[in-house]
1. Starting from the amide H of F257, placed 1.01 Å from N in the peptide plane, find each other amide H under 5 Å away whose residue is 5 or more places distant or on another chain.
2. Just to be sure I understand: if I project the alpha-carbon convex hull of the chain onto a plane and average over all orientations, what area do I get in nm²?
3. Give me Rg/Rg_expected for segment 667-804, where Rg uses Cα atoms only and Rg_expected = 2.2 N^0.38 Å with N residues.
4. Peptides 570-581, 414-425, 450-461, 691-702: what's the order by average Cβ count within 10 Å, highest mean first?
5. Provide the packing ranking of 160-170, 55-65, i.e. peptides ordered by the mean count of other C-beta atoms within 10 Å per residue, highest first.
6. Please report, in debye to the nearest 20, how large the charge dipole of segment 255-373 is about its Cα centre when each Lys and Arg carries +1 at its beta carbon and each Asp and Glu carries -1 there.
7. Measure off 7 Å from each Cα along the Cα-to-Cβ vector at K855 and D418, then give the distance between these two points in nanometres to one decimal.
8. For the chain, what does the accessible surface come to per residue with a 1.4 Å probe? Please give it in Å².
Amino acid sequence: MNIPSKYSPGEAEGKWYKYWMENGFFKSVPDGREPYTVVIPPPNVTGVLHMGHMLNNTIQDVLVRRARMMGKNACWVPGTDHASIATEAKVVAKLKEEGIEKQNLSREEFLKHAWDWTDKHGGIILEQLKRLGASCDWDRTLFTMDDSRYRSVIKVFVDLYNKGLIYRGVRMVNWDPQARTAVSDEEVNHTDEKSKLYYVKYRIAGEDGYVTVATTRPETILGDTAVCANPDDERYRHLKGKKVIVPMVNREVPFIFDSYVDREFGTGCLKITPAHDINDYEIGLRHNLPSIDVFNEDGTVSNQAGMFAGIDRFAARDLAARELEKSGNLARVEDYNNKIGRSERTNAVIEPRISVQWFLKMKDLSKPALEAVMNGDIQLHPSKFRNLYRHWMENVHDWCISRQLWWGHRIPAWYYADNAFVVAESEQEALELAREKSGNPVLQPGDMRQDEDVLDTWFSSWLWPITSFDGINNPDNKDFNYYYPTNDLITAPEILFFWVARMIIAGYEYRGQMPFENVYLTGLVRDQQRRKMSKSLGNSPEPVELIERFGADGVRVGMLLCSPAGNDLLYEDSLPEQGRNFANKIWNAFRLVKTWQVDDTIMQPESSAIAVAWMNETLKKSVEETDSDFKKFRISEALMVVYKLFWDEFSGWFLEAIKPEYQKPIDRKSYESAIGIFESLLKIIHPFMPFITEDIWQLLKEREKGESIMISAQPAIQSHNRKILDGFDTAREIIGSVRTIRKEKEIPQREKLQLLVMDEKQEFDTAFFPVIIKLCNLSGLESVSAAQDGAASFLIGATQFFIPLSEAIDPAVEIAKLEEDLKYNRGFLESVMKKLNNERFVQNAPSSVIDLERKKKSDTEMKIAAITERIGELMK
């Protein structure tokens, strides 16, 4: 077999992904097997692969591939999200480059541009996921605005409205002036930022005096309709029933009292601008204050303000400060740090704005979803996120679900005479309802107009596990009944509330059960300075370029090596480089084994038989460990078990133990055992590194057409022989000590040594002697009853070993080495005794733990006695 000297990831990835697709290995249909279902967190339709996607989808693919190899019917549903705000912003920007303004287009014309953009860019990220090795059932690819999903969303809106859970009302909302739409509370990020605190004088009407008010937003003074103090604040009681004059616009407004005002903040006086602050809005409602909206939808100053019309709000702030200073109404300005709300989508500073919006009542809807997580029906991994989840669910607000956009699911509400409206799934149904409700049987479609707004993007994705199998439109279809509820959801903690909690709410509302069993929350991918990766910072590598540099398997391993659940991954190129090196290690081990010549006439050496027995037990132990890690969603830890199993145990010890002498053949039995063990290892590694494992698996033995490692069975879980593992561990210690003496004494490996064993208690297992003899290149291994003079020595447990040397040893050097060992063992014994002398430890620790500590004590005491005895002999 002509095996290339180097593994070529690019060639293997294209070849085997095509093979998997052509053979339909990713495809899933309901059958008699246990289903394993994962729905992809749908990326933005116009997005491209970033580092977070790489981590998230690698974890999903690992879980799906492993489930498939464990005999389950694995179904991984792919799809994309229409992403209302992000997509509309990109389409608007594209049109602007072409000299077209959105406001000059009809809704239908704009949506045609949006669909063209989506059709052109929508498949990019899914094709990039294929480069990563994602084994999704691509025949099931969905889009949150495809026909079935669109109808599902509309149906749910109508249902919730008819249940009295959706309502339309005037509220103060979070307004994104850049996207020109309302956003929910959860879509606002609050950041600490430096600003200014302006102390402004308001003259008292009809008097010479004034009151001073502190504000961070002098531009909103134009919308002030009152000044307020706390009723318990004696400094302002004399102003009861009086009026003050708003600077710049010279408007008289009442001086009022409300307990909301903090006497300690600023001067204890608060300007009230009901249209532009949520707390002022509430005060305005309590005191029947008028509301003056001084901003347009795009954040520029409105005509109602009386001045600065058409000027951006931040430029207006500077102009207002100058105007106040010019008129003598600006007392002073101080530096001030405060929290600023920014849009999660555009990063624009949020503007509180009174607006007519649609809301979903959340209080009662959320109760089953809270209970499901708190009672353990749904597991969050890591569990530390349960408290965050509970806090949000116990303090949930009504969800503002309307967005002032054109791209998205249009709200199915139709208005007719005097702004009355009906809610229906179609215009025809709406017309019938409107005729009935209005008492006008001749009402025509032209007499109605549909609501201009669309639904929040999350209002479609909260149904994703259900709509992935068309469970809203066809609630008892075969796919839905088989695949739902899904098994595991892999996502990021920052959308625990946006998405995860709402999916759980929808699951209980529409199926009366959880939508998934486990939620694995990944960390964020950050750079070495702990900054979140972003293109604007220039600290985020291009994932596809990383795949081309390090191979998909290398990148997958690199992403998983240091990413335990919930913890951030501090990325650097050394991680995928380590993954690539691991792939090369696997390839080189394969080449080594395949270059051995096999001789059927040779008997299996005893050393090889022992090594095979040990490697099989090590394999069983590792399978058990990885299974335990996967059950606990310790995926990074499972990878490390597999990594060490191959690199250290298989390559570092097993292959060395069975390797034939230079230019000599290997026996058939050892070779076949090596191939069998290699195949088992490839199966364990495959979920993490699908491409190289398929490449080698196909070359390892003769395969039938249509066979693949990805549909072969994972090694079964079996109990392992602890005695064999412990015996080999002791043998390794001996081999390591002999190699150390060779290095210290500069004895070449080719020179044979004799090893003598003094085992007074007959504790040493001689079964591993053949392995020790081979790997240490010994001429013999014999038992002795007394310490040997003129020999280098070492201790393993209470057993002493001696290597006779041709040259006399220096007793002083040996004594110094032994005294170091003695010091270490005395320190170790002291730490053991601290535990055993601790009454609390002895009372509370399991008996197995206490027995282990007692054994450590006994072994160490014997070791100390042996070292002390040997030092005494050397000093004679």
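The values are calculated or read from the model by the stated rules, or taken from the named source; none is laboratory data. Because the structure is predicted, anything quoted here is derived from the model rather than measured. Reconstructed Cβ throughout: ideal geometry from the backbone, glycine too, with neighbour counts over all protein chains shown. Heavy atoms of the whole protein, side chains included, go into the accessibility calculation; ligands, DNA and RNA do not. Shrake-Rupley method; radii C 1.70, N 1.55, O 1.52, S 1.80 Å.
1. Result for F257 returns A229.
2. Numbers: hull surface 205.9 nm².
Averaged projected hull area, Cα only: 51.5 nm².
3. Numbers: Rg = 20.8 Å, N = 138, 2.2 N^0.38 = 14.3 Å.
Working it through for segment 667-804, the quotient is 1.45.
4. Values: 570-581: 18.0, 414-425: 15.7, 450-461: 22.2, 691-702: 19.8.
Ranked from most to least packed, the peptides come out as 450-461, 691-702, 570-581, 414-425.
5. Values: 160-170: 14.3, 55-65: 24.2.
Going from most to least packed, we get 55-65, 160-170.
6. Working: 15 positive and 19 negative charges, 26 e Å.
The dipole of segment 255-373 has a size of about 120 debye.
7. 8.8 nm
8. Numbers: 40170 Å² over 876 residues.
I get 46 Å² per residue for this part.
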